[in-house]
Amino acid sequence: LVAVGIFVYHSAFNRAQPEYALYYQSPREIKPFEMTDHQGQSFANQELQGQWSWVFFGYTSCPDVCPTTMQELNFYYDDFKAITDNVQVLLVSVDPKRDSVGKLSQYIGYFNQEFKALTADHSVLFPFARNLGLMYAISDEQSGDSYLVDHSASIVLINPQGKIAAIFKPQHELGQLPTVSGEHLISDFARIVALAG
């Protein structure tokens, strides 16, 4: 009787709504796009099919939010795969001027050899970012190759049908970097996968 009770409770928990993410009960379409990955291969909508994709917008020269977020995604990557093994992590560069394929390859490999980094011209990046509900802007105060790019610290979760399932927004605490909690990602990911099942 106790075992049955635990099973019922566990099932009810798994069917619960996500607590931390902006969750779309009707997943949002992603318009056609084509980028280049860190190995020089084409990456388009079909590469999202069959995978749960974690998407973060950043750039290799970012001094703080990007490396912190990528480290967090790497730290919890095995937990993602324990929930479901069809998972990929994508870094979309918002700095195509400086982030060459070679530079992206070196950068993404530092965090995890299984992660992918994507690049494209702003003509592709801007509409893709808007489609995902994110924004970025290059500082007006550019000095040669030394400039900052303002970008969202949110992480987007795309489902295996290639549609937007949820957006995880960062926590803003005084004196702290705006980053998404890895524990929140794991907790809600389990719920979202269960709901999709």
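Rule-based calculations on the coordinates, nothing more; no lab input. These numbers come from a predicted model, not from an experiment. All Cβ positions, glycine included, derive from the backbone under ideal geometry; neighbour counts span all protein chains shown.
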Practice task
Using Cα positions and a limit of under 28 Å, work out the lysines in reach of Lys81, with same-chain residues fewer than 8 apart set aside.
Solution key: Lys31, Lys103, Lys116, Lys163, Lys169
Fill in the blank from the handout: Amide H contacts under 5 Å for Val92, restricted to residues at least 5 apart in sequence or on another chain and with H modeled in the peptide plane, are Phe56, Phe57, Gly58, Leu118
Practice task
Return the distance in nm (one decimal) between the two label points of a simple spin-label model at Asp79 and Gln113, each offset 7 Å from Cα along Cα→Cβ.
Solution key: 2.4
Fill in the blank from the handout: To the nearest 10 degrees, the tilt of helix 122-131 (Cα long axis) against the first principal axis of the alpha carbons of the chain is 20
Fill in the blank from the handout: Other residues with Cβ under 13 Å from the Cβ of Gln51 give, with Lys and Arg +1 and Asp and Glu -1, a net charge of 0
Fill in the blank from the handout: So, with points 7 Å from each Cα along the Cβ direction, the Glu34-Ala137 label distance in nm works out to 3.2
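Per the Kirkwood treatment, what hydrodynamic radius in Å, one decimal, follows for the chain from the mean inverse distance over all distinct Cα pairs?
Working: mean 1/r = 0.0570 Å⁻¹.
For the chain, inverting the mean 1/r across all distinct Cα pairs yields 17.5 Å.
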